[in-house]
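The values are calculated or read from the model by the stated rules, or taken from the named source; none is laboratory data. Treat the numbers as computed from the prediction; the structure is a model and nothing was measured. Glycine also receives a Cβ, built like all others from the backbone with ideal geometry; neighbour counts cover every protein chain displayed. Protein only, heavy atoms only, side chains kept; ligands, DNA and RNA dropped before computing areas. Shrake-Rupley method; radii C 1.70, N 1.55, O 1.52, S 1.80 Å.
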Amino acid sequence: MTDISVLQLAIGPMDNFAYFIISKAQKEVLIVDPGWEADTLLKKLIELSLTPIGILLTHGHYDHVNAIPEIQADYPQLPVYFSKNELAMFAPKCNNIVDIEGGTVLNLLGITIQCIATPGHSPGGICFQLTDYLFTGDTLFIQGCGRCDLPGSNPKEMYNSLYTRLKPLPGHLVVYAGHNYGHVPSTTLSEVIASNPILNCETPAQFLGRFF
């Protein structure tokens, strides 16, 4: 039985989710996409007696990184794992950035974390696969996918990320997305595939037709 649990935290004015990936035995935690409400996140760490050991970023958009400076004010040595392929304009204003990319394997909390490159919403999009969980940021929502009309976005890359990198993953993985855009806050990848129309396009042209 895994020692890892996930706490999903609704934060900010844009229906964001931040996450705590918690080692119950070690009382350590990885924070995923702390975009808002640093005070809320810091208070929750104290409430649960957790020690943060790192921040994982799915991408660099402001609504996923805003809280990092305040968190690092309390934990100045905290590393931030961030795609080296992200646009420079999206680099978080923080210390201790550790470069990652697709294929990077992190060994943290006593588990293996696979970094999957998923460009499309932004050039440096990363999804994190570990134990029974998949953190998809703004690449894949429970319903829909991230916007592809922003600086650095590319709908053709989004199609490839969704259809060749995420859709073939094990269906039991629980999808934890970057926003609460769906009929439930989280569910398995197999259920997302069954209900999300963005993953059921018959051709790339049909997918791209949603954006052009």
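Observations on the structure shown:
- With respect to the conditions (1) in contact (Cβ under 8 Å) with a residue 12 or more places away in the chain; (2) at negative phi, Gly110 lacks only one, and its number is (2).
- Within the set His172, His183, the sole residue that is farther than 23 Å from Thr131 by Cα and surrounded by fewer than 15 Cβ atoms within 10 Å (Cβ to Cβ) turns out to be His183.
- Where strands (runs of 3 or more DSSP E) fall entirely within segment 1-70, those with at least 1 residues that are touching a Leu at 6+ places or on another chain (Cβ under 6 Å) are at 16-23, 28-32, 51-56.
- The number of residues in segment 86-111 being closer than 20 Å to Leu42 by Cβ and either open to solvent by 50 Å² or more (accessible area, probe 1.4 Å) or hydroxyl-bearing (Ser, Thr, Tyr) (or both) comes to 3.
- Within segment 194-212, the set of residues being over 22 Å from the mean Cα position of the chain (by Cα) and crowded, with 16+ Cβ neighbours inside 10 Å comprises Cys201, Phe207.
- Scanning segment 64-85 turns up one or more residues that are within 17 Å of Leu140 (Cβ to Cβ), open to solvent by less than 30 Å² (accessible area, probe 1.4 Å) and either under 15 Å from the mean Cα position of the chain (by Cα) or touching a residue at least 40 places away in the same chain (Cβ under 8 Å) (or both).
- Only a single criterion out of (1) of a type in the set (A, V, I, L, M, F, W, C); (2) farther than 15 Å from Gln143 by Cα; (3) modelled with pLDDT under 95 is not satisfied by Leu173, namely (3).
- Members of segment 1-43 found to be of a type in the set (Ser, Thr, Tyr) and in contact (Cβ under 8 Å) with a residue 60 or more places away in the chain, listed by number: Thr2, Tyr19, Ser23
- Checking Pro123 against (1) in contact with a Gly (Cβ under 7 Å, 6 or more places away or on another chain); (2) at negative phi; (3) buried (at least 21 other Cβ atoms within 10 Å of the Cβ), the condition it does not meet: (3)
- Checklist (1) over 30 Å from Ser23 (Cβ atoms); (2) open to solvent by 50 Å² or more (accessible area, probe 1.4 Å) applied to Glu191, failing item: (1)
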